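Written out below as structure tokens is the structure these notes cover.
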Amino acid sequence: MTDIVDKTDRTPGASQATAALARVKALPAWCLLVAGVVLGGVAGSTYGAVKPATYTATNYVVAVPAKGSDTQSALGFAQAYGRVATQLAVLGDAQVWAGVPVGTLRDSVRTATSPDAPMVAVSATSSHADVAADMANAVSRSLTRHANHAEGSTHVKLHQFARATPPTETSSASPAVTGLVGASAGGLLGGLLLLVRPRRDADAGPAASVPGPATAADAQRKL
């Protein structure tokens, strides 16, 4: 009796689950694609709105050849200074002027050089525009001091070309951009699900009938 009652109690739930599964299977295939686009767009927009905005400020210094040097030497030293700008020796002095720890400078400051111009771009990123400008200027100042101390042996001097100023616009992606990226990713995922989804029975169509072998009597009548 207990087994009968248990089976009876489970029957309505199983029937509802089967009915829900049948309704899902009955939906058009393109619903997966639309759902992926909508869910991805909402998730991307939410991420863009919740994530704090960031600002990037850039300072430029230029390598100038001194007496006994030439432009190619200045270009080569500019490449070298771009690599050492984020080293501890430079950042250790820069933290005093920037007012942030060395670890923050190491994580937030990036440098870039050009193969055609003896220039070093020092960029700093922060959630505060003024802090980003202070970090970029501090690292550039420290790099210039270290480079000019070695001017007697390198015959190249660093000069400030453009000072970093607090940016007025964020460098992080806006919620609209992150929403578009999320919608694209969701649409791609929905398309992949369409490709791997199991086909419904209605899509398969009737099975083709295979004619059976002819009997000897049928063959004689045909002859």
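The values are calculated or read from the model by the stated rules, or taken from the named source; none is laboratory data. Remember, predicted model here, so these are calculated numbers, not experimental data. Because the Cβ atoms are built from the backbone with ideal geometry, glycine has one as well, and the counts that use them run over all protein chains shown. Protein only, heavy atoms only, side chains kept; ligands, DNA and RNA dropped before computing areas. Shrake-Rupley method; radii C 1.70, N 1.55, O 1.52, S 1.80 Å.
Taking the criterion of being within 31 Å of the chain's Cα centre (by Cα) and not in a helix (DSSP H, G or I), the residues of region 66-92 that qualify are Ala85, Thr86, Gln87. On the stretch given as region 75-95, residues that are of a type outside the set (Gly, Ala, Ser) and either on the phi > 0 side of the Ramachandran plot or touching a helix residue (DSSP H, G or I) at 6+ places or on another chain (Cβ under 8 Å) (or both) total 9.
Against the test of being part of a helix (DSSP H, G or I) and of a type in the set (S, T, N, Q), the options Gln95, Gln160 yield a single qualifying residue, Gln95. Evaluating Thr104 against the criteria (1) in a helix (DSSP H, G or I); (2) open to solvent by 60 Å² or more (accessible area, probe 1.4 Å) leaves one unmet condition, (2). In summary, Arg110 fulfils each of the numbered conditions (1) more than 16 Å from Tyr60 (Cβ to Cβ); (2) within 23 Å of the chain's Cα centre (by Cα); (3) open to solvent by 60 Å² or more (accessible area, probe 1.4 Å) with the single exception of condition (1). Do we find that Thr144 is over 20 Å from Arg163 (Cα atoms), open to solvent by less than 70 Å² (accessible area, probe 1.4 Å) and in a helix (DSSP H, G or I) in this structure? Taking the combined requirement at face value, the residue does not satisfy it.
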